Amino acid sequence: MKMFIGASIIVSVFLMIYVFLQYTVINQDNVYHDDEQKGLNKQIVINFSHVVAENTPKGLAAQKFAEIVNQKSDGKVKIEVYSNGVLYSDDEELAALRRNDVQMIAPSISKLSDLSPTWQLFDLPFIFDDYSEAKQVFTGKIGQDLLSTLQEKNIKGLALWSNGFKQMTSNTKPLLYPADFQGQTFRIMPSEVIKKQFELLGAKPQAVSFNKVYQSLERQEFDGQENTISNIYSKRLYELQKYMTISNHGYLGYAVLMDEKYWDSLPEDVKQLLSDAMVETTNWIWTQSKMMNDEQLQQIKNKSGMRVYYLNDLQKAEWKKQFNSLYQSFENNATKQTLDIIQQIKNIESKK
Ligand code: LMR
């Protein structure tokens, strides 16, 4: 009996030591904690909504930004990326940002004219000659100044990202001369300048949100559309469009935005961390997007039945002639700030 009591005491003591260790030493270190266990009630979760596929420049940049932020903050700041418009379509996302239903969006610049008409200047056809010019404008002082004007609208402009040059596609006929556009219907983004561009070509444009483009082309609601190679590739628009003209007539850039009130509510060290991660991601996307568009054009040529044409100098001159009146009327109605920017872009071109 005595032996039994002795053994029970020893077992109980070991048990107590084990339980004590469980709750002190072992739980302090080196044990996996998920976010809730970590007690990260201080964790900041930023929901980033966008409308394109994951394997696009914007989709990949959003993920890269999330990774950098996660790493730099040691998991304290989490960027949740929602792609393909699963949360909000492009015509809903700005309102969702203002309501704080999402905290970050990256709409295409063509969709910002409600915030300020100045942004429309980037929809003028052939405003940029090449990729490096677009980069210089968007990542330099012009871009920075424009982003800071968003403050008046209580929006924090974090960066300008790139997708690339837009190309023309149609399912009806190759688009080489202005006359080829006559009577064709085109899906466009909601932009007065883009609308006029198509009207001057004799076409009928209509704004439709990005997530409905495939569906509406499939239902033959439009003959054609304009977009970057990356969007044409990732949304498989090449399945529904027989002809593509590499025209490089327009540039698709994005403004990465937060609501100003939300931004102001963040701790200073978090703002700094997000800004640093944004600089890194922005540098990355400007290189990556060019590579992706080049590579995916090759894929379209190899894999799809789409016929690809390149606009030659003569054809380009014809298009440009058609757009003269658009430039004139735009400049006649533009603010001084807008005209200054157009002049600065012309100065960059003349120095080449
Ligand atoms: C479009 O509507 O065609 C694009 O703005 C989509 C995007 O975000 O790239």
Exclusive hit being open to solvent by less than 40 Å² (accessible area, probe 1.4 Å), among the hydroxyl-bearing types (Ser, Thr, Tyr) and in a helix (DSSP H, G or I), set SER110, SER132: SER110
When segment 304-315 is examined, which residues are found to be touching a Phe, Trp or Tyr at 6+ places or on another chain (Cβ under 8 Å) and either within 16 Å of PRO125 (Cβ to Cβ) or open to solvent by 100 Å² or more (accessible area, probe 1.4 Å) (or both)? ARG307, LEU311, GLN315
Show the residue pairs that are 6+ apart or on different chains and have beta-carbon atoms under 6 Å apart, the first residue being within segment 195-213 and closer than 20 Å to LYS316 by Cβ and at pLDDT 95 or above, the second being open to solvent by less than 20 Å² (accessible area, probe 1.4 Å) and within 14 Å of the ligand (Cβ to nearest atom). PHE198/PHE186; ALA203/PHE186
Restricting attention to segment 324-334, report how many residues are open to solvent by less than 70 Å² (accessible area, probe 1.4 Å) and either of a type in the set (Gly, Ala, Ser) or more than 27 Å from the chain's Cα centre (by Cα) (or both). 4
With (1) in contact (Cβ under 8 Å) with a residue 60 or more places away in the chain; (2) surrounded by fewer than 18 Cβ atoms within 10 Å (Cβ to Cβ); (3) not in a loop (DSSP other than H, G, I, E, B) as the list, and PHE126 as the residue in question, which single condition is left unmet? (3)
Report the residue count in segment 207-235 for those that are touching a helix residue (DSSP H, G or I) at 6+ places or on another chain (Cβ under 7 Å) and surrounded by fewer than 17 Cβ atoms within 10 Å (Cβ to Cβ). 1
By residue number, the members of segment 135-169 that are assigned to a loop (DSSP other than H, G, I, E, B) and in contact (Cβ under 8 Å) with a residue 40 or more places away in the chain are ASN154
Flagged in segment 296-311 as under 16 Å from ASN248 (Cβ atoms) and part of a strand (DSSP E or B), in numbering order, are VAL308, TYR309, TYR310
Just give me the residues in segment 51-96 being touching a strand residue (DSSP E or B) at 6+ places or on another chain (Cβ under 6 Å) and in a loop (DSSP other than H, G, I, E, B), in sequence order. LEU87, TYR88
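Matching residues to (1) β-branched (Val, Ile, Thr); (2) over 22 Å from ALA334 (Cα atoms):
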position	(1), (2)
GLU93	no, yes
ARG98	no, yes
ASP101	no, yes
GLN120	no, no
TYR131	no, yes
ASP145	no, no
THR149	yes, no
State which residue pairs qualify: first residue open to solvent by less than 100 Å² (accessible area, probe 1.4 Å) and inside segment 36-50, second residue among the charged types (D, E, K, R) and at pLDDT below 50 in any location, beta carbons under 7 Å apart, and separation of 6 or more residues or different chains. GLN43/ASP35
Before we move on, is LEU257 closer than 26 Å to GLY157 by Cα and buried (at least 22 other Cβ atoms within 10 Å of the Cβ)? yes
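The values are calculated or read from the model by the stated rules, or taken from the named source; none is laboratory data. What you see is a predicted model, and the numbers here were worked out from it, not measured in a lab. No Cβ is skipped: glycine too gets one built from the backbone with ideal geometry, and neighbour counts run over all protein chains shown. Protein only, heavy atoms only, side chains kept; ligands, DNA and RNA dropped before computing areas. Shrake-Rupley method; radii C 1.70, N 1.55, O 1.52, S 1.80 Å.
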